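Notes follow once the structure below has been shown.
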Amino acid sequence: MMMISGTTTAAAAGTWTLGNRTVNRLGFGAMRLSGTGGMGRGDDRDPDASAAVVRRAVELGVNHVDTAGFYFSASGRANEIIRSALSPYPDGVTIVTKVGPGRDLVTGDWGDWLAPDRLRAHVEHNLETLGLDRIHVVNYRSNGRDDVPAAVAALAALRDEGLLGHVGLSNVGVDVLESARRVTDIVCVQNRHAPGYERSDSSDLLAVCGEHGIAFVPFFTIAGQSREGTAAEPYDAVRAVAAAHDATPAQVRIAWTLSLGEHVLAIPGTGDVGHLEQNVAAAALRLTEDDLAALATLPSE
């Protein structure tokens, strides 16, 4: 198994400028901090143990933390775990959150997707639970509706008030990205993307993001077909590449993500320190052309 060394940190993946912030391309996703599912599904996790994971991530050079106010379970909330672990926040740590899914932030009940005029309340909730006066980036997660330009305009207005630094998007295609860019600058796009799971427009979206200096940030890269990451690696090709590098399948998936382009950022998430250290070690894993060719043959969902 590929093990972390004294010099292997997230910086081994290289850097990208996210808005006006320089981040290491290997970051951390917070969804599993509060539970195995992180969104009210699965088993709860000990918040203190999860806070230790966040602190260890920063020790290992992670300076891009992706979260959301709607990541919580009975045991705790991802934002508050991050706050307890890092506040006062170290210089250089970039916090990115997202809004859009209509979850009641008190009861946890899921409802309709947020209308643009309701986004302020969720941005303010993220500020409160993170203990920040300003969030570096806020992504609007679309649900395939036609209100993305209006939602982006609402976030841009909050940016102009100083509540956030930059606007990003999640779960969008090229056409929606272009419509949002006519409203304001977009610094990142988060879409589900993994070996064996690629949207039909992923190649076009990757190219457009690269052309305009927009970060492409895949999620569920490790989980693949299993959204919660609980299933064994389903693909022989991934296991074979992992064996060739004395690595884990998860490390291969992270390295594959980083190979997509210098504007691609990885945000693997975990609630376990050991898994975190393995994920960070993947920052130094370089796949060969033969490896990438083998992974390109995987069937897409």
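Kindly provide the set of residues from region 45-89 that are polar (S, T, N, Q) and over 16 Å from the mean Cα position of the chain (by Cα), ordered by number.
50, 73, 75, 84, 87, listed by residue number.
How many residues are outside any loop (DSSP other than H, G, I, E, B) and within 21 Å of residue 215 (Cβ to Cβ) when one looks only at region 251-291?
15
So, in region 131-145, how many residues would count as being of a type in the set (A, V, I, L, M) and not in a strand (DSSP E or B)?
1
Restricting to region 139-173, what's the tally of residues that are surrounded by fewer than 16 Cβ atoms within 10 Å (Cβ to Cβ) and closer than 16 Å to residue 201 by Cα?
Adding up the residues that qualify gives 1.
Scan region 96-127 for residues that are over 24 Å from residue 186 (Cβ atoms) and β-branched (Val, Ile, Thr) and jot them down.
106, 107
Does region 52-63 contain at least one residue that is at pLDDT below 95, buried (at least 24 other Cβ atoms within 10 Å of the Cβ) and either in a strand (DSSP E or B) or out of contact with any Asp or Glu (no Cβ under 7 Å at 6 or more places or on another chain) (or both)?
No: region 52-63 contains no residue that is at pLDDT below 95, buried (at least 24 other Cβ atoms within 10 Å of the Cβ) and either in a strand (DSSP E or B) or out of contact with any Asp or Glu (no Cβ under 7 Å at 6 or more places or on another chain) (or both).
How many residues are surrounded by 23 or more Cβ atoms within 10 Å (Cβ to Cβ) and either in contact (Cβ under 8 Å) with a residue 60 or more places away in the chain or small (Gly, Ala, Ser) (or both) when one looks only at region 95-116?
Going through region 95-116 one residue at a time, the tally reaches 3.
Regarding residue 59, is this residue in contact with a helix residue (DSSP H, G or I) (Cβ under 7 Å, 6 or more places away or on another chain) and of a type in the set (Asp, Glu)?
Spelling it out, it is not the case that residue 59 is in contact with a helix residue (DSSP H, G or I) (Cβ under 7 Å, 6 or more places away or on another chain) and of a type in the set (Asp, Glu).
Need a quick list: strands (runs of 3 or more DSSP E) entirely within region 146-226 having at least 1 residues that are at pLDDT 95 or above and over 16 Å from the mean Cα position of the chain (by Cα).
In region 146-226, the matching strands (runs of 3 or more DSSP E) lie at 164-170.
The values are calculated or read from the model by the stated rules, or taken from the named source; none is laboratory data. Bear in mind that the values here come from a model prediction, so they are computed numbers and not experimental data. Positions of Cβ are generated from backbone atoms using ideal geometry, with glycine treated the same way; all protein chains shown enter the neighbour counts.
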